[in-house]
Amino acid sequence: MQALYDQFHQLLELTPMDFFREQHNTINWDVRILGILGQKGVGKSTLILQHIKRQGNRDESLYIVADDSYFSAHTLLDTAKDFFARGGKYLYIDEIHKYENWSREIKNIYDSLPLLHIVYSGSSMLDLKEGGSDLSRRVIEYHLPVWSFREYLNLRNGWSLKSATLEEVLKGEVDFPYGPERPLKYFEDYMKKGCYPFSPEPEFETRLRRIINTTVEVDIPKYAKMTIAATQKLKKFMYYISKSVPVKINFSDMARDLELDRDDLPKYLEFLEKAELVSILRMKANGDAILRKMDKLYLQNPNMAYVLSGEQPNTGNSRETIFFCWTKQKYDTLESPLSDFEIDGKTFEVGGKKKGKKQIEDAKEGYVVKDDIEYVFNNKVPLWMFGFLY
């Protein structure tokens, strides 16, 4: 147990406090059990450690990583009981998805230690009903997305720019300082590596590639109980997406191009989407959103395309990828029957300098989203401004 305390305090001392993601203040840290989910590398661990440090209750807290070698000989339940017996009140468990039968163990802790507060973090693909232990009625979960363009600017420059609603973006009412600062000056760098807090690191590409590989080779296979052969097919699938223009989902064509079994593709897509490695654009439909037909396939963000393809990715794909990545965090973004995207009845055509209005001429309310302009003009809106939605 002492080793866990030592490791926790060492990590706490190394945790920076100069920049907090705003999601920290939207989380109800007082509930008895909460989960913080998100893609690997977006800053979940740092957010938790910052919270502990800010609260100033480190003597009553313990932060542990679920795949620590300590748990080869101890269970989470026994550890929680030992911690509580020593006066502990707040147990933080990181990388919970790496612990076998995690949901059952968390349920046992919740039921047997009613005075203990539990916070866990893990992959977005976690299933609250995994292992037959339904936690959905007990836990409140929060999702931590990749960093927006606004957050990237704040972190990089020490700014405090505020977020904007979709309506404010469409009017150009975005909190950018302008003057000697120009948004396009930073936008290209963001598209290459700005979606993650470790973007300033010289080994950014190596680290992001490791995150993708670990998710594909370890996290998904463990969650889905996949074979090594299936894992290799997942990697091939990811590379295929990174080299493509926006991929129209046709399982027969994709199975032929990838030399995969057609019946396996929907399953692979489900796992990749849950792990937030890809995003699936669905068609507008009545009834249950889950039943919407899948239309287009994107990587989760353009940073991945640079790392996976090893070259300049398709520009049109990158534009659509980041628009979808940002807007879906706050809105129900769907495939448009007229153009690229539809949000709340508004039609969006995403393109570059020469993009015209043809695709939105018949739209009730249509906008052309361009990646090479700074200001809103009529119905032309800069792509970078949508990076202020959160």
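Checking the stated criteria, Ser309 turns out to be at pLDDT below 90, closer than 22 Å to Val42 by Cβ and small (Gly, Ala, Ser). Listed here are the strands (runs of 3 or more DSSP E) enclosed by the stretch 1-109 that have at least 1 residues being of a type outside the set (Ser, Thr, Tyr), crowded, with 17+ Cβ neighbours inside 10 Å and touching a residue at least 60 places away in the same chain (Cβ under 8 Å): 33-37, 61-65.
Of the residues making up the stretch 148-180, just one is under 30 Å from Ile212 (Cβ atoms), charged (D, E, K, R) and surrounded by fewer than 16 Cβ atoms within 10 Å (Cβ to Cβ), namely Arg156. Can Glu141 be described as farther than 30 Å from Lys380 by Cα and either of a type in the set (A, V, I, L, M) or part of a helix (DSSP H, G or I) (or both)? Here the answer is no, as Glu141 does not meet what is asked. The residues on offer are Val350, Val368, and the sole one that is part of a strand (DSSP E or B) and within 26 Å of Gly38 (Cβ to Cβ) is Val350. Each residue in the stretch 49-98 was checked for being of a type in the set (Val, Ile, Thr) and farther than 15 Å from Gly122 by Cα, and 3 of them qualify.
Could we say that Ile322 is in the same structural domain as Glu203 (by TED's automatic domain parsing), at pLDDT 95 or above and outside any helix (DSSP H, G or I) here? Answer is no for this residue.
Condition first: hydrophobic (A, V, I, L, M, F, W, C) and assigned to a loop (DSSP other than H, G, I, E, B). Now tell me which residues in the stretch 189-203 satisfy that.
Correct list: Cys195, Phe198.
For residues that are part of a loop (DSSP other than H, G, I, E, B) and without any contact (Cβ under 8 Å) to a residue 60 or more places away in the chain, tally how many sit in the stretch 163-175. Here the count works out to 1. When restricted to residues that are of a type in the set (Val, Ile, Thr) and without any contact (Cβ under 8 Å) to a residue 60 or more places away in the chain, the stretch 186-217 contains 1.
Residues in the stretch 222-249 that are under 19 Å from Gln300 (Cα atoms) and not hydrophobic (A, V, I, L, M, F, W, C): Thr231, Lys233, Lys235, Lys236, Tyr239, Tyr240, Ser242, Lys243, Ser244, Pro246, Lys248.
Let's see how each residue does on (1) closer than 21 Å to Leu144 by Cβ; (2) hydrophobic (A, V, I, L, M, F, W, C); (3) modelled with pLDDT of 95 or more; (4) more than 24 Å from the chain's Cα centre (by Cα):
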{"site": "Thr26", "(1), (2), (3), (4)": "yes, no, yes, no"}
{"site": "Arg32", "(1), (2), (3), (4)": "yes, no, yes, yes"}
{"site": "Leu37", "(1), (2), (3), (4)": "yes, yes, yes, no"}
{"site": "Leu47", "(1), (2), (3), (4)": "yes, yes, yes, no"}
{"site": "Ile52", "(1), (2), (3), (4)": "yes, yes, yes, no"}
{"site": "Tyr63", "(1), (2), (3), (4)": "yes, no, yes, no"}
{"site": "Asp67", "(1), (2), (3), (4)": "yes, no, no, no"}
{"site": "Lys89", "(1), (2), (3), (4)": "no, no, yes, yes"}
{"site": "Asp94", "(1), (2), (3), (4)": "yes, no, yes, no"}
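Applying the condition of being over 22 Å from the mean Cα position of the chain (by Cα) and of a type in the set (Gly, Ala, Ser) to the stretch 213-258 and asking which residue is nearest to Glu276 (Cα to Cα) yields Ala230. Scanning the stretch 355-370 for residues that are modelled with pLDDT of 95 or more, crowded, with 16+ Cβ neighbours inside 10 Å and either of a type outside the set (Gly, Ala, Ser) or closer than 19 Å to Ile322 by Cβ (or both) returns Tyr367, Val368, Val369, Lys370. Has the stretch 294-304 got at least one residue that is under 16 Å from Met191 (Cβ atoms), in the same structural domain as Ser339 (by TED's automatic domain parsing) and of a type in the set (Asp, Glu)? The answer is no; no qualifying residue exists. Scanning the stretch 371-390 for residues that are free of Cβ contacts under 8 Å to residues at least 60 places away in the same chain and part of a loop (DSSP other than H, G, I, E, B) yields Ile373, Asn378, Asn379.
For Pro183, the conditions (1) buried (at least 20 other Cβ atoms within 10 Å of the Cβ); (2) assigned by TED's automatic domain parsing to the domain that holds Tyr331; (3) modelled with pLDDT under 95 are fulfilled apart from (3). Scanning the stretch 101-126 for residues that are modelled with pLDDT under 90 and more than 26 Å from Gln50 (Cα to Cα) yields a single hit, Asn101. Within the stretch 233-253, the set of residues being assigned to a helix (DSSP H, G or I) and at pLDDT below 90 comprises Lys233, Leu234, Lys235, Lys236, Phe237, Met238, Tyr239, Tyr240, Ile241, Ser242.
The values are calculated or read from the model by the stated rules, or taken from the named source; none is laboratory data. On a predicted model such as this, the values are computed, not experimentally measured, just so you know. Every residue, glycine among them, receives a Cβ derived from its backbone with ideal geometry; neighbour counts consider all protein chains shown.
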